[in-house]
Every structure is written in C-alpha cells, then in structure tokens.
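Novice: Structure below; questions to follow.
Each reported figure results from applying straightforward, stated rules to the coordinates on display, with no laboratory input. Computed from a prediction, not measured in an experiment: that's the story for all the values here. Glycine gets a Cβ as well: all are built from the backbone with ideal geometry, and neighbour counts include every protein chain shown.
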C-alpha cells in the first residue's frame with residue numbers, strides 16, 4: 001500500500017498522464033513501468049531511474065533521426081539574410097514579449113551585456129521584430145498559434161534561424177556575463193555550446209546546453225539541427241521529449257564527429273553555481289559574489305520565488321557597480 005501511494009505521488013510530480021503519453025510515443029512506457037518499483041524508494045534511486053529512461057528515449061530518437069535523409073530543406077527562404085545592417089559577430093538576446101515587459105533579472109542581464117560587449121553588437125529580439133530577421137515555415141507558426149509548440153521550443157528554432165543566417169552568439173536572457181569581454185571560444189569558434197564534462201557527465205545522457213551558442217553563418221551543425229527539428233515538428237503535434245533540441249544536437253555531433261571534436265570543451269557546471277546556491281540557500285551573498293569570476297557566465301532562472309529573485313538582483317547590482325569602475 002505504501003509503495004502504491006509513493007508511486008502515485010511520484011507519478012503526479014513527474015507529469016502524470018502527460019508523461020505517460022510521452023513515454024508511449026517514444027516506446028519506453030513498458031520499460032518505465034517495469035523499472036519504477038526498483039528505484040522509487042529514495043531520491044537517488046529516482047535520479048538513476050530518470051537517467052535510465054532518458055538513455056532509452058535517446059536510443060529510440062537516435063534510431064529514428066541518425067543519418068536521416070532530408071530530401072529538401074524546410075526553410076521557406078533558404079536562410080536568406082533579411083537584414084542588411086548586422087554587426088560582425090552579433091550577440092542575440094530575446095525576450096519574446098518585449099524587454100519593456102521583462103522581469104528585473106532579464107533587464108539587468110541585458111544592461112550588463114551591453115556594458116561588456118557594446119550596445120552596437122547586442123541585438124534584442126522580440127515578437128514585434130523577430131520576423132524582420134528570419135522567416136519560419138508556415139506549419140511551425142500554425143502549430144505555435146494552436147499551442148502545440150510552446151514559446152520555449154519556438155525560441156529553440158528562432159535562435160538557430162538567427163545563427164544560421166547571420167552567425168554570432170546567442171545568450172539566453174536569464175544569463176549574466178561575468179567576464180570583462182566575450183571569451184575567445186565564442187568569438188572565434190565555428191560552433192560552440194557549453195557541455196557537461198567528466199566526471200559530472202557520468203551516468204547522464206544529455207550533455208549539451210543551448211542557452212549559450214556561438215556559430216558562424218551557414219554552419220553545417222546549425223543547418224542540420226534545424227533540418228532535424230523542422231522534420232520532427234512537421235510530423236509531430238506533440239512534444240515527446242522536452243530536451244528534443246539537445247538530443248537532436250547530440251545526434252548531429254555523432255554524424256559530424258570531427259566537427260564535434262573541434263569544439264573547445266567548456267564545462268557548464270560552474271556556470272550554475274550561484275543559482276544552485278540561491279535555490280539551496282546554502283551560501284550568503286558574500287560567498288556567492290566570490291563565485292562571479294570563476295567562470296565567464298552565470299545561468300540564472302526567472303522561475304524563482306520573490307526572496308530568491310531579490311538575492312539574484314542584488315548580485316546583479318554588485319556586478320553592475322563593478323562594471324562602473326572598469327573601462328570599456
């Protein structure tokens with residue numbers, strides 16, 4: 001009886017019937033049901049369980065998409081550059097609803113970014129101007145308008161469209177730059193994403209991030225990834241895996257091993273350290289400030305309670321005051 005109650009609680013916390021639908025679509029439902037009773041007893045067991053399911057999901061996604069032939073590009077204009085006056089290696093940041101409506105954390109990150117790299121290089125993307133830069137397939141817009149594609153996953157497509165057409169650096173609006181300039185691995189890379197490296201990688205299936213991406217225009221990786229994502233959404237009205245971008249990117253890496261090996265390995269773990277400290281409430285702000293310059297970026301979140309947001313905002317204020325005393 002206790003096991004049943006535990007299973008019901010975990011089932012609800014992990015997404016309930018939506019999760020069942022996802023697992024069934026990816027042919028891992030029976031596998032997940034059989035394994036669950038063996039790993040449900042504690043938090044560590046659930047982590048192992050999720051990774052086991054994730055490996056099975058990735059295996060099925062890879063089976064369907066690895067070396068999949070795309071007969072013709074689904075880009076409606078072949079990635080044409082629709083804007084003529086774009087700075088060299090632009091830095092893209094987006095808040096779809098408009099930065100005037102953005103949370104304070106996002107506005108602070110934008111201000112810090114402009115101070116570090118220069119306002120002329122930073123291009124802000126919103127719902128009002130995004131289609132001045134790109135053109136999405138009609139079926140994508142139709143599915144977005146029907147609620148079948150979320151803002152998060154529309155953003156995945158937009159960032160790839162921008163990078164494929166113009167190149168540059170994509171930085172999520174919840175990311176704060178902590179270095180005094182854009183690092184060389186962003187300025188000079190043909191393609192770059194931060195990764196989870198060993199030993200943190202051990203046991204994990206998804207090892208790439210997409211909140212920080214650098215790319216040259218018409219890069220083979222971004223084009224191939226867009227082709228796979230468009231192919232996925234052409235035939236699917238339902239998101240089978242929240243991290244479909246990440247899993248398809250890893251498939252592109254398998255297809256292009258030499259290009260993958262040329263990417264500078266930069267671990268993303270330290271880039272989450274301040275957010276983790278805020279969430280766990282295990283460090284005071286002076287200790288968190290010491291973490292600022294251990295890496296070039298800090299990834300925050302807008303999904304925080306008011307107290308947590310205030311802590312992040314105070315750290316951002318310290319960073320802005322720090323920049324006031326540095327020449328740029």
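Novice: Distance between Cα centroids, segment 158-229 to segment 292-328: provide it in whole Å.
Specialist: The distance from the Cα centre of segment 158-229 to that of segment 292-328 comes to 21 Å.
Novice: Also, quick follow-up: So for segment 270-324, what are the equivalent ellipsoid semi-axes in whole Å, largest first, each being the square root of 5 times an eigenvalue of the Cα gyration tensor?
Specialist: Rounded to whole Å, the semi-axes are 16, 13, 11.
Novice: If you don't mind, there's one more thing I want to ask. Take the chain, connect every pair of alpha-carbon atoms lying under 10 Å apart with a spring to form a Gaussian network, then pick out the residue of 210, 42, 109 with the largest mean-square fluctuation.
Specialist: Taking springs between Cα atoms under 10 Å, the residue moving most is 42.
Novice: Given the rule -39500 (n - 2.57) for each run of at least 4 DSSP H residues, summed and divided by the residues of the chain, what is its mean residue ellipticity at 222 nm, to the nearest 500 deg cm²/dmol?
Specialist: Helix-only estimate at 222 nm: -15500 deg cm²/dmol.
Novice: Taking the number of other C-beta atoms within 10 Å as the exposure measure, put 294, 19 in order starting with the fewest.
Specialist: By the 10 Å Cβ count, ascending, the order reads 294, 19.
Novice: Could you tell me the extents of segment 44-95's C-alpha atoms along the three principal axes, largest first, rounded to whole Å?
Specialist: 53, 32, 18
Novice: Further question: Which peptide among 223-229, 180-186 comes first, and what is the full order, when sorted by highest mean count of other Cβ atoms within 10 Å?
Specialist: Per-residue Cβ counts within 10 Å, averaged per peptide and sorted highest first, yield 223-229, 180-186.
Novice: For the chain, just the Cα atoms, rotate onto the principal axes and tell me the three extents in Å, largest first.
Specialist: Computed over the Cα atoms, the extents are 64, 54, 39 Å.
Novice: While we're looking at this one, here's another question. Quick one: P(r) of segment 25-158 from all Cα-Cα pairs, 5 Å bins, percents rounded to integers, in order of increasing distance.
Specialist: Here the calculated profile for segment 25-158 is 2, 8, 11, 12, 14, 11, 12, 12, 10, 5, 2, 0.
Novice: Provide the three semi-axes, in whole Å and in decreasing order, of the ellipsoid equivalent to segment 138-228 as defined by the square roots of 5 times the Cα gyration tensor eigenvalues.
Specialist: 24, 18, 14
Novice: Additional query: As a test, work out the antiparallel percent of DSSP beta bridges whose residues both lie in the chain, rounded to the nearest 5.
Specialist: Just about 60 percent of them are antiparallel.
Novice: For segment 125-142 and segment 67-104, compute the distance between their C-alpha centroids and round to whole Å.
Specialist: Centre-to-centre (Cα) distance: 8 Å.
Novice: Looking only at segment 91-261, where both bridge partners belong to it, what percent of the DSSP beta bridges are antiparallel (to the nearest 5)?
Specialist: The antiparallel fraction comes to roughly 55 percent.
Novice: State the extension gain, in nm to one decimal, for the chain segment bounded by residue 301 and residue 317, taking 0.36 nm per residue of separation less the distance between their alpha-carbons.
Specialist: Additional length available on full extension: 4.1 nm.
Novice: Shifting gears a bit: Explain nothing, just the number: relative contact order of the chain, from Cα pairs under 8 Å at least 6 residues apart, as a whole percent.
Specialist: 20 percent
Novice: Compute from the Cα atoms of segment 91-261 the Rg and the Dmax, the latter being the longest Cα-Cα distance, and quote both in angstrom.
Specialist: Values for segment 91-261 (Cα only, Rg and Dmax): 16.1, 44 Å.
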